[in-house]
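Data first, discussion second: the structure below is written as structure tokens.
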Amino acid sequence: MRIGIPRETRDGETRVAATPETVKKYVATGHQVLIERQAGKAAHFDDGAYEQAGAVLTDSNDALGADLVLKVRAPDAEELSKMRRTAFLVGMLDPFDAASNDAIAAAGLTAFALEAAPRTTRAQSLDVLSSQANLAGYKAVLLGAHYYGKMFPMMMTAAGTIKAARVVVLGTGVAGLQAIATAKRLGAVVEASDVRPAAKEQVESLGAKFIDVPFETDEEREIAQGVGGYARPMPAAWMARQATLVAERCKQADIVISTALIPGRPAPTLISAETVRSMKPGSVIIDLAVERGGNCPLSQKGKVVQEHDVTLVGLTNLPGMLATDASALYSRNVMDFLKLIIDKDGKLVINREDDIVTACLICEDGKNLRNA
């Protein structure tokens, strides 16, 4: 089978869907790997390394014209025009983007969106959201340290004592937990908030304080459990109580890192404009939810702005700022997923008895299964 790895064309996308490590393994199992020249350059994988791994260097037409195309982001219209009908496509395709799904289906492709994999033990090795969110949480703290005009750790010097920075993390999924761990390693005093009661133990195990919003009804407690490892929208009354507590903590914070997302929905507003106005001069907000509208209405996608002497960082694709490691982790996730759709004879198959395969399958033979 021919496996194609094109160069990513989306602005700011530095990752690549296969590294020399994974290419070598594909070739060892009898597949021909066609990789577009310079596909790995932004992630510091040169063409020579791919050739040594057994790949064939080619142009975008050949890479996109393969039997199986591996990508990081969903293909645009020009890329789709170069792909063969009946080809298989695997990548982070955003299963909630109806227009993109329709375009992929119209191109006659069978496509798998890896973000849709269930959060189960068996799916951990191919969980692209977790592998990339880990890096995003780490990078978010480094960005906070960069834009914050003071030190993170407490430091005692002959000239006096510097107080430790106070960091608040909103949302304690994979990115949030990594942000907590990284901020603690840098010496900050860390607090964190999440709707899920189970998050409290995880937060405290990392040495942070949990911002506990009490539940007043059984309905609130049930909704807070989430579904499949994801948070669910909370009732307005609980959100109001959380907003009050979060606002108080943000007023005292030096850096706020917000990571709260709900699949298929706009990001919830956790930091109001009024809260930003009340924050200390020189404080920083890193809004990791900015691609879905942001956890703060003052965040601007792709920009770093100042409002009320607070720096709001709305940079997107933080994993892409760590492109080498992000590509290495992502490519391994992809390789583990391919084990589920390539049989022992090296042919592409769809096993409808496999819950991971069926969850990720968004288009088949020209049909958008998300509209089915």
Once amide hydrogens are built 1.01 Å from N within the peptide plane, the residues lying 5 or more places from Glu36 or on another chain with amide H under 5 Å from its amide H are Ile5, Arg7, Thr58
Give me the angle, in degrees from 0 to 90, between the Cα long axis of helix 323-341 and the longest principal axis of the Cα atoms of the chain, rounded to the nearest 10.
-> 50
Take the Cα radius of gyration of the stretch 96-212 and divide it by 2.2 N^0.38 Å, with N its residue count; two decimals is plenty.
-> 1.42
Could you tell me the largest-minus-smallest coordinate of the C-alpha atoms of the chain on each of the three principal axes, in descending order and whole angstroms?
-> 64, 52, 34
Order of Tyr26, Tyr147, Tyr330 from fewest to most other C-beta atoms within 10 Å?
-> Tyr147, Tyr26, Tyr330
Going residue by residue through the stretch 49-65, the Karplus relation 6.51 cos²θ - 1.76 cosθ + 1.60 with θ = phi - 60° gives ³J(HN,Hα) values, rounded to whole Hz and with x marking Gly or Pro, of 5, 5, 4, 5, 7, x, 7, 9, 6, 8, 9, 5, 4, 6, 5, 7, x
Each residue of the stretch 243-249 in order: what ³J(HN,Hα) in whole Hz does its phi give by Karplus 6.51 cos²θ - 1.76 cosθ + 1.60, θ = phi - 60°, with x for Gly and Pro?
-> 4, 5, 5, 4, 4, 5, 5
Kirkwood-Stokes translational diffusion coefficient of the stretch 133-317, alpha-carbon pairs, 25 °C, 0.890 mPa s, µm²/s | 150
For the stretch 133-317, give the magnitude of the charge dipole about the Cα centre (Cβ charges: +1 Lys/Arg, -1 Asp/Glu; no others), in debye to the nearest 20.
-> 580
Could you run the Karplus curve 6.51 cos²θ - 1.76 cosθ + 1.60 with θ = phi - 60° over the stretch 24-35 and give me ³J(HN,Hα) per residue in whole Hz, x for Gly and Pro?
-> 4, 6, 4, 5, 5, 9, x, 8, 9, 9, 10, 10
What order do you get for Met321, Met279 when you list them from fewest to most C-beta neighbours inside 10 Å?
-> Met321, Met279
Ranked Ser125, Ser327, criterion: other C-beta atoms within 10 Å, fewest first = Ser125, Ser327
Share of antiparallel DSSP beta bridges in the chain, in percent to the nearest 5?
-> 25
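Every read-out reported here was derived from the displayed coordinates using simple, explicitly stated rules and does not represent laboratory data. This structure is a prediction, so every number in the text was calculated from the model and none was measured. Positions of Cβ are generated from backbone atoms using ideal geometry, with glycine treated the same way; all protein chains shown enter the neighbour counts.
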